[in-house]
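**Q** Okay, here's the structure, questions in a sec.
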Amino acid sequence: MKNILIAMFVLGLTLSCIVDNGGQPAENGKLSGHASYRDAYTSANYADAGCLIYAISEADFRSSGYGDLKNVIERFQGYKYDYLLSIYNSIDPFRNSKMRDNFDTLSDFTFKFIRGFKKLTGIVKAVTDGTGNYTLSLKPGKYYLLVISGSVKSDNLAESKGNIGYKIVDVNSAQETIQNMIFQKYDMTGIMVARNLSGC
């Protein structure tokens, strides 16, 4: 009889621990920050009102089987920079034309990638207010952010509605994570000027 009472006590204690520890979902964390842009001719930062932030958890992103956001945007930005240098430094019209064709192809691919990314299941969206601030309430975990500027646009399909960037952030339960973004307004000015001067 004594053994039965001890067994019942241990079982009751175990069950109470399971209920106490597993019954509470993790509290959401807050992701917030400020989006701004820097003008080509001043060192001051200005609020990037209307900046779009698309967030998706790592778990949802991986389960979607979609491509690598970091790789796509870094590749696009790297080639964009190389193309800008080519326009400034090369007087070879054939080389510049070839670079432009390659850049247009990559820009088209990036545009389609972003369009699909924004439709993924689990995407949460925020828009910066007039002062460039945004806030999202998210479950704890790692998140991929696609950021589209509301004030800075470039002369290519992928960025015709706003220059793009990405961030990867960790959101913790019941805590605030700050993630700021800065865009450069002069990114494609040289390309636009060069194309206008060449009559393209």
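The values are calculated or read from the model by the stated rules, or taken from the named source; none is laboratory data. Since this is a predicted model, take the numbers as computed values, not measurements. No Cβ is skipped: glycine too gets one built from the backbone with ideal geometry, and neighbour counts run over all protein chains shown. Please note that ligands, DNA and RNA were not included when accessible areas were found on the heavy atoms of the full protein model with its side chains. Shrake-Rupley method; radii C 1.70, N 1.55, O 1.52, S 1.80 Å.
**Q** Here are some pairs, LYS98/LYS142; LYS70/LYS125; LYS70/LYS98; LYS98/LYS119; which of them have Cα atoms lying more than 30 Å apart in this structure?
**A** LYS98/LYS142; LYS98/LYS119
**Q** Modelling each spin label as a point 7 Å along the Cα-to-Cβ direction, I'd like the ILE91/LYS70 distance in nm, to one decimal.
**A** Roughly 4.3 nm, to one decimal.
**Q** If you don't mind, there's one more thing I want to ask. Say each of THR131 and ARG62 gets a label point 7 Å from the Cα, pointing the same way as Cα to Cβ; how far apart are those two points in nm?
**A** 3.8 nm
**Q** Take the Cβ-Cβ distance between LYS119 and LYS142 as r, set R0 to 25 Å, and report the resulting FRET efficiency rounded to the nearest 0.05.
**A** That gives a FRET efficiency of 0.75.
**Q** Under 5 Å between amide H atoms, partner at least 5 residues away or on a different chain: which partners does VAL171 have, H built in plane at 1.01 Å?
**A** The answer is GLY141, LYS142, TYR143.
**Q** Amide H neighbours of GLN179 under 5 Å, counting only residues 5+ apart in sequence or on other chains, H built in-plane at 1.01 Å?
**A** SER32, GLY33, HIS34
**Q** Report relative contact order for region 36-134 in percent, whole number only (criteria: Cα-Cα under 8 Å, sequence separation at least 6).
**A** Relative contact order here is 51 percent.
**Q** Placing unit charges on C-beta atoms (Lys and Arg positive, Asp and Glu negative, everything else neutral), compute the dipole magnitude of region 35-105 about its Cα centre in debye, rounded to 20.
**A** Once rounded to the nearest 20, the dipole reads 160 debye.
**Q** Here is a follow-up. Return one whole number: the accessible area per residue of region 48-117 in Å², for a 1.4 Å probe.
**A** Using a 1.4 Å probe on heavy atoms only, each residue of region 48-117 averages 55 Å².
**Q** What ³J(HN,Hα) values, in whole Hz, does the Karplus curve 6.51 cos²θ - 1.76 cosθ + 1.60 give for region 63-75 when θ = phi - 60°, with x put for Gly and Pro?
**A** With the stated coefficients, region 63-75 comes to 5, 6, x, 6, x, 8, 4, 4, 5, 5, 6, 5, 5 Hz.
**Q** Can you work out the Karplus-derived ³J(HN,Hα) for every residue in region 126-139? Use 6.51 cos²θ - 1.76 cosθ + 1.60 with θ = phi - 60°, whole Hz, and x for glycine or proline.
**A** After applying 6.51 cos²θ - 1.76 cosθ + 1.60, I find 9, 10, 6, 7, x, 9, x, 9, 9, 8, 10, 9, 9, 5 Hz.
**Q** So what are the ³J(HN,Hα) numbers for region 103-120, from phi and the Karplus equation (6.51, -1.76, 1.60; θ = phi - 60°), rounded to whole Hz, Gly and Pro as x?
**A** Coupling constants for region 103-120: 5, 4, 5, 5, 5, 5, 4, 5, 4, 5, 4, 5, 4, x, 4, 5, 9, 5 Hz.
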